[in-house]
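Some notes on the structure that comes next.
What follows is calculated from the coordinates using simple rules that are stated; it is not laboratory data. All values reported here derive from a predicted model rather than from experimental measurement. With ideal geometry, Cβ positions are generated from the backbone for all residues, glycine too; neighbour counts draw on all protein chains shown.
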Ligand code: CA
């Protein structure tokens with residue numbers, strides 16, 4: 001079986017960035033994205049250099065492994081070109097670029113990849129990420145330190161561990177050869193797409209019946225609808241039955257590689273650009289060009305992990321302090337509340353006799369906020385009926401001596417059988433009857449059924 005590819009490439013500066021540092025290419029056999037970085041200057045130059053060099057291998061290969069080798073060599077050659085360009089243009093020091101590329105050879109593809117641009121394969125409705133991000137957070141995920149969900153919001157999620165650039169003469173490029181099938185839809189994209197559009201939305205767009213061109217447009221539009229804070233580049237390749245049409249005219253270059261390189265004339269007068277959020281791990285260390293990248297990368301990785309751990313510890317300490325403060329405040333409030341209740345007294349009944357209580361009648365759940373302070377020998381049963389009801393409803397006192405005065409008057413009432421002034425409740429029995437469902441709904445609720453409550457003093461009013 002021979003197959004014909006249908007493809008498209010789109011690159012957009014996005015809604016925030018001042019210039020497009022991405023580049024993309026959809027050719028006959030070769031498809032690629034590159035996401036440049038370089039802060040003040042150079043990101044667009046780096047990705048353009050890479051794509052222009054790599055598209056030289058958009059040709060027929062006898063085998064996928066030949067294509068794999070050619071692609072890897074092209075990436076290394078692009079790396080060398082970037083290094084030479086920086087040598088001639090010192091203001092571009094620190095520029096670099098990701099590259100994710102594939103070459104179609106019959107029913108196989110060769111892949112080369114470095115950085116955090118991505119290649120996805122859509123097959124039978126399932127979207128699979130084929131490349132692995134060369135990022136700090138991906139290494140944390142791989143080593144089980146964080147989950148992919150935590151990686152998506154990690155403050156260092158933009159830190160790259162590997163790129164093409166002027167810092168390493170021999171960058172480590174991932175390569176692979178894979179089988180393809182008719183019906184496959186392959187997506188190459190910069191992180192401006194994959195970081196801001198949920199994978200399910202990407203899957204949904206790729207699953208549609210739209211052709212490659214419409215799908216790329218749709219994905220870019222959806223990213224713009226989501227704010228597109230970064231440059232976004234999308235390349236789609238469909239695998240169908242049929243011959244590969246060798247048509248150089250159909251090749252599409254997008255992004256900064258599509259524009260003329262202007263850095264030679266613009267030395268020293270580059271426009272001010274928004275700082276890129278992509279940080280190159282070795283920008284600070286200025287590694288010698290003939291040294292290998294990996295040992296320094298590991299050291300940097302260890303430093304990042306240590307810093308990450310310090311940040312976590314700081315955050316934990318912050319949370320602990322906040323928690324202790326909150327608990328302290330709560331305990332203080334409860335203690336204050338308890339102290340306030342301890343300045344109050346009331347008179348009520350305790351197992352058939354009149355007693356002075358310290359505290360307030362209310363309780364918090366199972367915790368009573370009052371205690372018997374003084375018991376008396378006055379039998380509740382010996383009190384005149386109205387007074388007895390008042391005592392059962394409890395009588396607030398303004399102080400301990402006031403409570404004792406009330407007790408004296410109750411004793412008198414018990415002896416004489418006459419209700420005494422100053423032994424009336426405040427008309428709000430603590431267990432006020434609540435309306436039952438059979439009560440008329442128009443009846444005013446919670447009206448205390450206090451017999452002869454009118455005209456009695458309301459000591460409760462000044463309590464609390
Ligand atoms: Ca980007």
Cα-Cα P(r), the stretch 53-208, percent of pairs per 10 Å interval: 11, 34, 35, 18, 2
Extension gain, residue 150 back to residue 341 (0.36 nm per residue minus Cα-Cα distance, nm): 63.9 nm
Span per principal axis, largest first, for the Cα atoms of the stretch 75-119 (Å): 44, 19, 9
Pairwise FRET efficiency - residue 372 versus residue 418, Cβ, R0 = 25 Å, nearest 0.05: 0.40
Per-pair calculated FRET efficiency, R0 = 60 Å: residue 404 and residue 240 via Cβ, rounded to 0.05: 0.05
Prolate/oblate/rounded call for the stretch 37-126, Cα gyration tensor, a/c under 1.5 rounded: oblate
Residue order, fewest to most beta carbons within 10 Å, for 345, 373: 373, 345
Label-point gap, in nm, between residue 93 and residue 132 - each point 7 angstrom along Cα→Cβ: 3.4 nm
Full-stretch length increase - residue 83, residue 16 - with 0.36 nm per residue and alpha-carbon distance subtracted: 21.2 nm
FRET E, pair residue 73, residue 326, Förster distance 60 Å, beta-carbon r, rounded to 0.05: 0.45
Residue 60-residue 251 pseudo-label distance in nm [points 7 Å out on the Cα-to-Cβ vector]: 1.6 nm
Anisotropy class of the stretch 83-159 from Cα gyration tensor, a/c 1.5 cut: oblate
Distance-filtered residues of the stretch 85-116 - backbone nitrogen under 16 Å, label point 7 angstrom along residue 169 Cα→Cβ: 85-87
Chain lengthening between residue 209 and residue 385 when straightened (0.36 nm per residue, less Cα-Cα): 54.5 nm
Descending Cα extents along the principal axes, the stretch 337-376, whole Å: 28, 21, 10
